[in-house]
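S.K.: Have a look at this one before I ask anything.
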Amino acid sequence: MIFGQSVRHMQDTVQQARAKGQPQILADFVPRRPGEWAKGRIYDPNSKTYYHGTLTTLDSRKLKVYGYVGFSWLGGNTIWTKVPSESR
């Protein structure tokens, strides 16, 4: 389980977004070690640009998303926090 959702559920959500013509925000990540994914792409809808990226789970509710251009030291990160299910 990733963030309390199965990977299958996440794939279904991606398929629904594609059907609506919405871009996939996180794509092509491969597991590096437990709780960490690398070699993926992050789409920024504001700039309409893809960046290289890595993902790291910090706990059951927080995901560190690191994006960069070209070299990994040319980037920055943000923490995504899962919204509780009763808030959706």
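Values quoted throughout were computed directly from the atomic coordinates according to the rules given, and no laboratory measurement underlies them. These figures come from a predicted structure and were not determined experimentally. Ideal geometry is used to build each Cβ from the backbone, glycine not excepted, and the neighbour counts take in all protein chains shown.
S.K.: For the stretch 33-78, give me the residue count where each residue is more than 25 Å from G21 (Cα to Cα), of a type in the set (G, A, S) and touching a residue at least 24 places away in the same chain (Cβ under 8 Å).
M.R.: Qualifying residue count, the stretch 33-78: 2.
S.K.: I need the full set of residues from the stretch 17-65 which are touching a Phe, Trp or Tyr at 6+ places or on another chain (Cβ under 6 Å) and basic (K, R), in order please.
M.R.: Listed by number, the list holds a single entry, R41.
A quick yes/no check of all residues on (1) among the aromatic types (F, W, Y); (2) surrounded by fewer than 16 Cβ atoms within 10 Å (Cβ to Cβ):
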residue: N46; (1), (2): no, yes
residue: T49; (1), (2): no, yes
residue: T56; (1), (2): no, no
residue: Y68; (1), (2): yes, no
